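Asks: My questions will all concern the structure given below.
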Amino acid sequence: MERVDRCVVLVDAGYLLGAAASLLAGEPARSRITVDHAALVRGLRDLAQTDTEQPLLRIYWFDGAPDRVPQPEHRRLRVMPRVTVRLGALTRSDGRWAQKGVDAAMHAELTELARNRACSDVVLVTGDGDLLPGLMSAKEHGVAVHLWAVQAADGDYNQSEDLVAEADERRVLDRVWITRAIRAKELTAVCAPPPVPRPEIAAILSAPLPESALAASAERAAAERAAQAPDRDTAPAAEDTAPEAPGAPAPSKGVPTPKDLASLHPHGHPPAAPQPAGATLRWSSDRGWVERPGGAPGEPPETASLPTLAQLTSAEQRWADREEDITTVGGDPFEVGQVFARRWMERLPESGHVQRLAGLYPRIPHRIDGELLRYAARFGLLAHKDDQIDEHDRYAIRAGFWREIDVRTAAEHAPRSDHPGPEGVRGGRTP
């Protein structure tokens, strides 16, 4: 079989991006850098063809992902011309993330390319000495091996010495080359301003809880004290056993749960402490809603008429949405919320729906909220978290959603447009 004169690039993304983060941001965390993947692929292709003096066959991008599920960057890469993505597993051990199977996949691909004489030159962007046997095997099959390193932040080596010694040609990707496609992120504050006090929520939280809730709260407090001091005398202190006087304020009850509040408002009317008219618990989901005066339990009538994005989206639009998600949406939680809200508003048959939703701020109706979180799951925001989006990401997703809504309704809701507050997130954790 005659060897084909062309080059192939094998990229260990963990090494390339980790070393670039160390060089530009001072630490190897990839979250500290922003990558223009199109520019990076273009730079790798051009440099490989220049160094090897051969046309490019393909760039193989090797990376780790939770359960080998492609992340947003992998989806963008794998639709680019001449780019193939190979994913290993990403696991967490002792508080650190580690790739599994990436080195083995690179070794197998390198060996197979050389054995089948698919190329004359191979460019390796890696620093792992585990690839030494594959590199030696490729050389034995007549393939020239070019080893590229990322400039080390401390001026020292960041590659295996044996790997460096065995390579046919070597190159260092310096800071100038790296910054054409990769830059350090600027540290920014929280994605949304702090919440503004809302009197209707404060009124609900300040109302006394029913006796059953107070008893449960006392039991929980006693259990916590016992757990924190297991060695103290097991006999309860007098103040622990003394019954509380009727009407006495509850000991530091914290934020009541939806169940507590449902007990507090069994028929939509608070049994004590008058509250502002129309005061309701504004969770970001309809779960936990209680019966209102003159209404039926379940979904409030003002949200029942709001259509979901799926109901507003045609098959053609669904295809276009997927293409946009792959090619242009970065997957940042705040951005995801904005994109979802923008699509929902653009497809509404009447503008009154937007005004109706804005009046529910900060609660997002359960049907729409659930659809929003399922959309966010496409971008890997469920990863590493036992299939639950963590609290900070939920905050950012919903803050982005409300920011986009407020931009559309800025004239009518000017004060709110500057404060997308997280009350809906804090109180609206999806069960």
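The values are calculated or read from the model by the stated rules, or taken from the named source; none is laboratory data. None of these values were measured; they are calculated from a predicted model. Cβ: placed from backbone, ideal geometry, glycine included. Neighbour counts: every protein chain shown.
Asks: Condition check: closer than 18 Å to Gln151 by Cβ, assigned to a strand (DSSP E or B) and assigned by TED's automatic domain parsing to the domain that holds Gly134. Does Val11 satisfy that?
Replies: Considered against the rule, which asks whether it is closer than 18 Å to Gln151 by Cβ, assigned to a strand (DSSP E or B) and assigned by TED's automatic domain parsing to the domain that holds Gly134, Val11 comes out as yes.
Asks: Which residues, taken from the stretch 1-44, are among the β-branched types (Val, Ile, Thr) and out of contact with any strand residue (DSSP E or B) (no Cβ under 7 Å at 6 or more places or on another chain)?
Replies: Val4
Asks: A further question on this structure: Can you tell me which residue within the stretch 353-399, out of those that are of a type in the set (Ser, Thr, Tyr) and assigned to a helix (DSSP H, G or I), is modelled with the lowest pLDDT?
Replies: Tyr395
Asks: Which residue is farthest from Asp36 (Cα to Cα), if the candidates are limited to the stretch 83-97 and must be exposed (fewer than 13 other Cβ atoms within 10 Å of the Cβ) and not polar (S, T, N, Q)?
Replies: Among those that are exposed (fewer than 13 other Cβ atoms within 10 Å of the Cβ) and not polar (S, T, N, Q), it is Asp94.
Asks: Could you run through the stretch 1-41 and say how many residues are loosely packed, with under 15 Cβ neighbours inside 10 Å, more than 12 Å from Ile178 (Cα to Cα) and touching a residue at least 12 places away in the same chain (Cβ under 8 Å)?
Replies: Here the count works out to 8.
Asks: Among the residues of the stretch 318-339, is there at least one that is of a type in the set (Ser, Thr, Tyr), modelled with pLDDT of 85 or more and surrounded by fewer than 18 Cβ atoms within 10 Å (Cβ to Cβ)?
Replies: no
Asks: Have a look at Arg45, Arg75 and point out the one that is among the charged types (D, E, K, R), within 19 Å of the chain's Cα centre (by Cα) and surrounded by 19 or more Cβ atoms within 10 Å (Cβ to Cβ).
Replies: Matching residue, one of Arg45, Arg75: Arg75.
Asks: Taking Ser284 as the residue in question, decide whether it is in contact with a helix residue (DSSP H, G or I) (Cβ under 9 Å, 6 or more places away or on another chain), modelled with pLDDT under 85 and more than 20 Å from Ala377 (Cβ to Cβ).
Replies: Details: in contact with a helix residue (DSSP H, G or I) (Cβ under 9 Å, 6 or more places away or on another chain): yes; modelled with pLDDT under 85: yes; more than 20 Å from Ala377 (Cβ to Cβ): no.
No.
Asks: Taking the stretch 344-366 as the search range and keeping residues that are among the basic types (Lys, Arg) and surrounded by fewer than 19 Cβ atoms within 10 Å (Cβ to Cβ), which one is farthest from Ile405 (Cα to Cα)? Before the answer, list the steps.
Replies: Our first condition is that a residue be among the basic types (Lys, Arg); within the stretch 344-366, this holds for 347, 356, 363.
Now restrict to residues that are surrounded by fewer than 19 Cβ atoms within 10 Å (Cβ to Cβ): 347, 356.
Working: Arg347: 13, Arg356: 11 Å.
Across the stretch 344-366, the extreme among qualifying residues is Arg347.
Asks: Follow-up question, since we're still on this one. From the set of residues in the stretch 400-411 that are at pLDDT below 85 and small (Gly, Ala, Ser), which is nearest to Glu73 (Cα to Cα)?
Replies: Filtering the stretch 400-411 for residues that are at pLDDT below 85 and small (Gly, Ala, Ser), the one nearest to Glu73 (Cα to Cα) comes out as Ala410.
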